[in-house]
1. If Val181 satisfies all but one of (1) within 21 Å of Val149 (Cα to Cα); (2) surrounded by fewer than 14 Cβ atoms within 10 Å (Cβ to Cβ); (3) at pLDDT 90 or above, what's the number of the condition it fails?
2. Please go through the stretch 158-182 and pick out each residue that is more than 30 Å from Ala101 (Cα to Cα) and either touching a helix residue (DSSP H, G or I) at 6+ places or on another chain (Cβ under 6 Å) or of a type in the set (Ser, Thr, Tyr) (or both).
3. Tell me which of these Leu195 doesn't satisfy, since it passes every other one: (1) over 20 Å from Ser112 (Cα atoms); (2) among the hydrophobic types (A, V, I, L, M, F, W, C); (3) modelled with pLDDT of 85 or more.
4. Pairs needed: first member in the stretch 86-112, in contact (Cβ under 8 Å) with a residue 40 or more places away in the chain; second member anywhere, of a type in the set (D, E, K, R) and outside any loop (DSSP other than H, G, I, E, B); C-beta distance under 9 Å; at least 6 residues apart or different chains.
5. Could you count how many residues in the stretch 3-38 are of a type in the set (A, V, I, L, M, F, W, C) and either touching a residue at least 60 places away in the same chain (Cβ under 8 Å) or part of a loop (DSSP other than H, G, I, E, B) (or both)?
6. Scan the stretch 88-123 for residues that are charged (D, E, K, R), over 30 Å from Lys38 (Cα atoms) and in contact with a helix residue (DSSP H, G or I) (Cβ under 9 Å, 6 or more places away or on another chain) and jot them down.
Amino acid sequence: MEESTTKEKILKKVRNALISKSENPFKDVDFSSPVYKKLEESPEIQFALNLREAGGRFIYCENDNAILDHLRTLMKQKGWKQVYTLDKKISNLLNQEKINALTSPEQFDDSSVAITRCDFLIARFGSIMVSSGLSAGRRIFSAHESHIVLGMASQIVPELKDAIKGLKKKYRGNFPSQVSVITGPSRTADIEKTLVMGAHGPRELYVFLVDDM
């Protein structure tokens, strides 16, 4: 019977293609070679450069005291009265130094800035990998006007594939249900090609990179 609809014709072509095996026309392609050129700088420097290129701000911290000093300066400059975090280690550090840290779900909307940790920092793109496996949960990464990420030097990896590999190892047997890669502040130009910041997430993104102790 002759096909009567376009749908049936397409399905017939799909079936024939699945049945008929053709040889690979690209036998000389080396799929084992790296997709990108080698990083020009060390992963730490490359991450900082690419983060800034994406519109984020990189702040190096030698230790916890440096974190607090930079945060106080930033809060004074921006006029922030408090910050929001669900990370107990972060909240304990801030509260010990009399920095107002909101920590309950009911206070989620009471601050314009949130502080979280991350899973990995990707040097190639200056990106931040976060997941629902962190104590911060899901929505905190996109709900506040400003987002501060505390990252460790040991969390910097050269490529996205390295971050995925590390994530599988970190959460072995209990892989997070949500994984996100953040590259710079939220932005869009979908409407009349006009750039709008903070459309789908934070308008400002800061990474405090801390040396591993």
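1. Condition (2) is where Val181 drops out.
2. Pro158
3. (3)
4. Filtered contacts from the stretch 86-112: Asp87/Arg117; Ile90/Arg117.
5. Step one: of the stretch 3-38, the residues of a type in the set (A, V, I, L, M, F, W, C) are 10-11, 14, 17-19, 26, 29, 31, 35.
Filter once more, so that each one left must be either touching a residue at least 60 places away in the same chain (Cβ under 8 Å) or part of a loop (DSSP other than H, G, I, E, B) (or both): 26, 29, 31, 35.
Final tally of qualifying residues: 4.
6. Initial filter on the stretch 88-123 (charged (D, E, K, R)): 88-89, 97-98, 106, 109-110, 117, 119.
Going one step further and asking which of them are over 30 Å from Lys38 (Cα atoms), we end up with 88-89, 97-98, 106, 109-110.
Answer for the stretch 88-123, where residues must be charged (D, E, K, R), over 30 Å from Lys38 (Cα atoms) and in contact with a helix residue (DSSP H, G or I) (Cβ under 9 Å, 6 or more places away or on another chain): Glu97, Asp109.
The values are calculated or read from the model by the stated rules, or taken from the named source; none is laboratory data. Worth saying up front: this structure is predicted, and the values here are computed from it rather than measured. Counting neighbours? That spans all protein chains shown, and the Cβs are built from the backbone with ideal geometry, glycine included.
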